[in-house]
Amino acid sequence: MRKQVSEVLASPVDAAQIQYVAWSRLTPSPLNVRKKATSGIEALAETIAEKGLIQNLVVHEVKGRAKVPKLGVCAGQRRLAGLNLLFDQGRITQDYQVPVLIVSEGEALAASLIENREREDMCVADEAVAFGLLADEGKSTGHIAALFSIPEVAVRRALKIASLAPTLLDLLRDDKLDYEQAKVLVLANDHATQERVWNEAINAWQRRPAELRAAITREEIDARDSALARFVGLEAYEAAGGRVRRDLFSDDENAGYIEDAALLHRLATERLIELSQAIANEGWQWTECRTRYDAMEIMRHGRIASTTRKPTKEEKAELAELSAARDAAQAELDAYYDEDSDPDEVRAERLEAAATTATYAADQYAERFETFDPEDMKQAGAYVYIDDDGRVCIERGLVRREATPNPQAGAHAISASAARAPKERPVHGEKLCRRLTAHRTAAVQIELAKQPGVALAVLMQRMIPVVFDDVYARSYIDHAVMIELHTSRDALVSNADDMAESVAWKALEGERAKWARMLPRRAEDLLPWLLEQGEDVTSNLFAFCVAATVDGISSADRPHAVNEVANTLAVDLSRYWKPTRDGYFAHVAKDRIAAVVGESVSPQVAGELRSMKKDDAAAAAELRMTDSGWLPEVLRNREVPERITYGYREDDDEEDEADCEADVDEVSETQAGSGDDDDEAH
C-alpha cells in the first residue's frame, strides 16, 4: 500500500513516517470514500486482539478546538471498527497505541480510494461517488484511469453512475437496486426523471432493465433497432442538428436513442426522393417512396410482365461468387442452430446478420437482369422503400388497380342494379364503417390488454361453449374474440389508413414491442421461458395476446359482439378517436359534414360550411370538431347482438313456464284464426 500511495501523493512515503498514536485520538474521517456499513468486524477484532494491528491506518488531522487534534481515519475503516469493538469489550484502553500514516487532508481522498480498491471490493455506488469527487477536484478521466490502471471508459461509466439521484445511490448501496438497473436509469440526465421512472415501476417486471429503458426512451428511437437510423446514419443525423442520447454502457458504437424523430424521418424522406427521381428516369410513369415496407399496399397493385436477360460471362462469375457466399453464410447459421451448446446470443446475431447481408447482395445483383417493355413501363411505376435492415429496396413494374380496365364491370353493375329494388342509402357506407370500427377495435384491445382478469373471462366465455358443447349445443353466441388465433392487426391497418396516428394503435404497438423484446427468439424456447416467468409477466402477456385476437371490424352499423367487451371495460371511445378530415369528414358528403357541425357546434357555423367547397368544409369541420368528443353513430352504438337459442333446455322449464304457456296460446289463436281445426293443429 505504501508503494501505491507514494505513486499518488506528491511527497514520498517511507517507514519513518509511520507513527504510533493513542486509540482515543482516532475518529472516522468524512473523507473516507467507503460509506456502506462494514461487515465481518467481530472476526477482524479477534485477529487484532491475538496478533495486534499488522497494518497501519492512514489518517489526517481533523480541525477542532482541542489542543491535541483528532486524527480522521481515511483508510482503515474496518480496522478502526475492530478496535472500537475491542474497547467496548474492555479488551484495550484509550492509550492503546495504533500505527498510523499521517497525510494531508488534500491527500486523504486519493489514499482512501486506493486503500479500499486494493482490498475488499467497494460498493459500486461508493466507488462511483469517489471517482466523482476526484473529478470535482479537477482530475481528468485520463488521470484517474492511469491512477488505478483501468480503461478510461470505465472511469466515464463510473462518473455516469455517480450522477444517479442520491436516493437511488442509497438503494444501490443497500442492494435494493442493482448495477444493471443503475446503468439504465442514468440514461436520464436529471434526478427527477430517474426517481420518477423508478418509483412508477411498481411491479418487479417493470423494474427489469429493458422496461426501465423503455420508460425513459418512450418517445425516442433506439438507433440499433431503427431501419431509418441505419439508412440515414447517426453522423448525418447529428450533422443536421439532431441529438442522440448515448448509451455509455454499450460497446456498440451506434448505441443511442434518437430524440428528434421528425428530423430523422425528414432526412430519410429526402434521400428516398433523390433515389426515386433516379428510378423515374428509367421510364416509369410514376414512382413513390415509403420509409417502410407495406406488404398490403403493394399487394393492391397489379404487375406488368418482365423478362430476364442472360448475364454476361463476367456477370455470371460475379453472381456465382455472391451465391456461394450466401450459401456459406446460411450453412454456418444452420450449423449454429444444430449445435447442442448453450445459446450464444451475440454469435447468433452476428451469423444472422451475415446471412441476411449475403442474401441481400445476391438478390440485388440478380435484379439487374430483369427487364421491362418500354411501352408497358409507361403504364406502370415503382415503389422505393427501406427494409427492416435500413437498406433501399425497389419494387418495379407495379400497376394501380384503378388504372386497369375491366370491360365486364359496366354490364355487371347495370344488371345487378336492375335485379334488386332500391333501398335507402345508409349514413355510413361499408368502407367507412370498417374504418370506424377498426378504430373501435383498437380502443377495445388496448383497454382489454390492461385488465388480465377481464381478458381471462372473455377468453373463457369463448372457450366454454366449445368445451361444454353438450350444455350449449342449442345456443349460438356472437363472439368478439377469434379463438382460432387469427390476430386482427393487419386488418386494422388495411381498413383504416390513418390507424398509425391513433392513440390506441401507438399504445398497442408499444406493448407489442415491449413483449417482443422480452420473448425468446426461438420457438422451442417459448414454453420453458413461460414456465420460468412470474405471474405478473404471464398474466399481462396473456391479456395482450387475448386483446390481439379481438375483431370488431364491421361493414355496417349494427349490434356487435365487441360492444359486450367495450361495455364491460367502460371504454371511452372519444379518448381514442377524433373527428378529423382524413379520418371522417373526407369520407362523407358535404351535407353530412354540415349536419354534424350543426349538431355539435351551431347551426350558424354549419351554414358557413355549406357555402364552402367539400375539401375546405372538411378542413374547417376538423378545426371545430377535433376536441369536441363527438362520435359518429357507428361508434355510439353499444348494442350487443341478441342471444339466439334453438329449442329449450330442461332446466329452463320452470322459469320459462309462463312464457311458454303464453306462446302456446298465441300459436293456438293464430292457427284457429287461419281456419285449421284442432286435430290438424295438433
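A compact table of results
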read-out	value
Residues satisfying the stated conditions in region 340-356, i.e. over 21 Å from residue 391 (Cα atoms), under 31 Å from the mean Cα position of the chain (by Cα) and among the charged types (D, E, K, R)	342, 344, 345, 347
Segments classed as helices (runs of 4 or more DSSP H), wholly inside region 218-319, with at least 3 members that are surrounded by 13 or more Cβ atoms within 10 Å (Cβ to Cβ) and more than 33 Å from the chain's Cα centre (by Cα)	none
Residue that is modelled with the highest pLDDT, among those in region 178-203 that are loosely packed, with under 15 Cβ neighbours inside 10 Å and part of a loop (DSSP other than H, G, I, E, B)	178
Unmet requirement for residue 90, which otherwise passes all of (1) modelled with pLDDT under 85; (2) in a loop (DSSP other than H, G, I, E, B)	(1)
Identity of the residue in region 540-557, among the small types (Gly, Ala, Ser) and not in a loop (DSSP other than H, G, I, E, B), that ends up surrounded by the most Cβ atoms within 10 Å (Cβ to Cβ)	547
Selected residue (only one of 145, 158 is of a type in the set (A, V, I, L, M, F, W, C), modelled with pLDDT of 85 or more and either under 28 Å from the mean Cα position of the chain (by Cα) or part of a helix (DSSP H, G or I) (or both))	158
Among the candidates 96, 20, residue that is surrounded by fewer than 15 Cβ atoms within 10 Å (Cβ to Cβ), modelled with pLDDT of 85 or more and over 30 Å from residue 169 (Cβ atoms)	20
Per-region count, region 178-195, residues of a type in the set (D, E, K, R) and more than 20 Å from the chain's Cα centre (by Cα)	3
Residue match in region 601-613 (condition: modelled with pLDDT under 90, in a helix (DSSP H, G or I) and surrounded by 18 or more Cβ atoms within 10 Å (Cβ to Cβ))	yes
Residue 125 vs. criteria small (Gly, Ala, Ser), at pLDDT 80 or above and touching a Lys or Arg at 6+ places or on another chain (Cβ under 6 Å)	yes
Near pairs, Cβ below 9 angstrom, 6+ apart or cross-chain, from region 158-177 (within 20 Å of residue 134 (Cα to Cα)) to any residue that is crowded, with 16+ Cβ neighbours inside 10 Å and among the aromatic types (Phe, Trp, Tyr)	158/131; 159/131; 160/249; 161/131; 162/131; 165/198
Within region 164-177, tally of residues that are closer than 24 Å to residue 246 by Cβ, under 26 Å from the mean Cα position of the chain (by Cα) and surrounded by fewer than 18 Cβ atoms within 10 Å (Cβ to Cβ)	0
Among the candidates 361, 382, residue that is at pLDDT below 85 and either small (Gly, Ala, Ser) or within 30 Å of residue 322 (Cα to Cα) (or both)	361
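The values are calculated or read from the model by the stated rules, or taken from the named source; none is laboratory data. Predicted model only: the values in this text are computed from it and were never measured. Cβ: placed from backbone, ideal geometry, glycine included. Neighbour counts: every protein chain shown.
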